Structure formats: structure tokens, C-alpha cells
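Here's the structure we're looking at; comments come further down.
The values are calculated or read from the model by the stated rules, or taken from the named source; none is laboratory data. This one's a predicted model, so the numbers in the text were calculated from it and none came from an experiment. In this analysis, Cβ positions are derived from the backbone assuming ideal geometry, glycine residues included, and neighbour counts consider all displayed protein chains.
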């Protein structure tokens, strides 16, 4: 029972060192501050540019003010999706192709899946700190602070959604990492493509109600859609009545419906991820994929 936790501890430490590129802690903290804030400010500038253009054209109110906290919070939370889900799949590529150590980790006494979990844990801290820094930075910028209802944070719901979402993102990351075990370096394009699809369909920068009906059905099938909706509710509350954001299909769901739906989909994903991991690992070992590199 001790070995998995030991593997988890040291793989998390290794993941943190690799993510920081073995840089000085102060320099890496600066990177953690600048990166998420700059990406969020791009969306903020786009919001004000579109709103100014609409008001200049005589369409006052065309871009409601509640769109700003919606976009800002969604983008901050999506950092966890990208760091955990797609970061875990990159572990296979980097350890096999760049460092060429994946096969040695597999045959070592370390627990192989615990190693992936530890590396994902390091990415979780990176994404969590990035999201937290982004939200705190928004509270210091006047134009953003005015639109963020900081006093409406529901901490119990926030912890529930964060806990369930972490397990959900880990299981999704294990599915992608398992797929990478039997793919070449070019398999990273799969993760990047899925990242774009999830970003587009999960309602990060616009409500899913503006999508065509058939795309809304796909969006409602993604667990990340429910998780982001829950995170927004716990941080900024529900959109006001009459807002275009209130037209989202999930706006009619209460938390007692949203949480079980997210939890049920997470359980299904955990079962699928464990089955697919064992199947993929057995196939990769049999076909020599754990030590096969592209030679570049």
C-alpha cells in the first residue's frame, strides 16, 4: 500500500520540475502569473472591443454586461481542463520520445498508473494556481472587478464541483494517455484537436444555446459542459432573467440535478478509463510501443 503513494509523491515532484523546466521558483511563479492573466485579458479586450463597436453602431445593450464575468470565469476554469486532460497525454509523448524513459518506468517497481496520476497532479496544481491567480487578478482590475460578484461565491458548491471535476478530468486524461500509448508522436494532434472541440462545445466563451440543435446535443453529452456550468454558478451565480445566457439548456437545471448528472458521468468515465488503460497498456507492451520512438 505504501508503494503507490511513494510513486505518486515522486512523480508529482518530477512533474512539477519538468513543468517548471527546472527553473528558479520565483521565475516559474512569475510565469504562472503572467500566462493565465494574459490569456484571459485577450478575451476581456475582445469583449470591450465588440461592445464598443455595437454601441458605436447604435446597438446599445447588444452585448450584455454579464457576458464579461461569464467569459472570464469560464476561461479561468478551463485552465484545469487543458492542464489535466491534455497534459497527462503529453506525459506519454515526452517520456517516450524526448526522455526515452517510459519503458524503464514501466519495468521499475513504481506503480505505472500512479506515475501518471502524480504527473497529472503536478499539472493540476499548475492549472489551479493559474485559475486562482486569474480570478484574484480580475478583482484588482476596476473594469473587471465591477462585473464580478465576489460576494456571491458559494464555497460548499465550489468544493463539490471542484472535487468531482478533478476526478472527471483525471479519468479523461487517463483515456487520452492510454490512447497515446499505442500512437506515435503525431498522436499529440489528437489531444490538440480534442482540446479545440471541448473548448468550442463546452460553453467556455459563449452559451451553448447559440449552437445548432445537433451541436447542442453533442455539447450536452460532454461532462465538461456540466462542470463548467457548475463552476460558474458557484463563483458568480446564475445569469439574470432575460439575459441571452439564461437561454442555455442547463440554466433550467437545479444543482440537485446538475451535481448527480456530473457525478454519474464521472463514474462512467472512471470505469471506461480503467478498462481502456488496461487494454491499451497490454497492447502497447505486446507490440513494443513503450520503447518505440519516431527517431526525431
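Numerical summary
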{"quantity": "Any hit, segment 32-41, residues being assigned to a helix (DSSP H, G or I) and closer than 19 Å to residue 174 by Cβ", "calculated": "no"}
{"quantity": "Selection within segment 197-212 - within 24 Å of residue 66 (Cα to Cα) and either touching a strand residue (DSSP E or B) at 6+ places or on another chain (Cβ under 8 Å) or in a helix (DSSP H, G or I) (or both)", "calculated": "198, 199, 200, 201, 208, 209, 210"}
{"quantity": "Members of segment 220-231 that are part of a helix (DSSP H, G or I) and surrounded by fewer than 22 Cβ atoms within 10 Å (Cβ to Cβ)", "calculated": "220"}
{"quantity": "Out of 222, 215, 235, sole residue that is within 16 Å of residue 80 (Cα to Cα), without any contact (Cβ under 8 Å) to a residue 40 or more places away in the chain and touching a helix residue (DSSP H, G or I) at 6+ places or on another chain (Cβ under 8 Å)", "calculated": "222"}
{"quantity": "Members of segment 184-210 that are more than 16 Å from the chain's Cα centre (by Cα), crowded, with 17+ Cβ neighbours inside 10 Å and at pLDDT 85 or above", "calculated": "207, 208"}
{"quantity": "Selected residue (criterion: surrounded by the most Cβ atoms within 10 Å (Cβ to Cβ)) from residues of segment 250-291 that are free of Cβ contacts under 8 Å to residues at least 60 places away in the same chain and outside any helix (DSSP H, G or I)", "calculated": "253"}
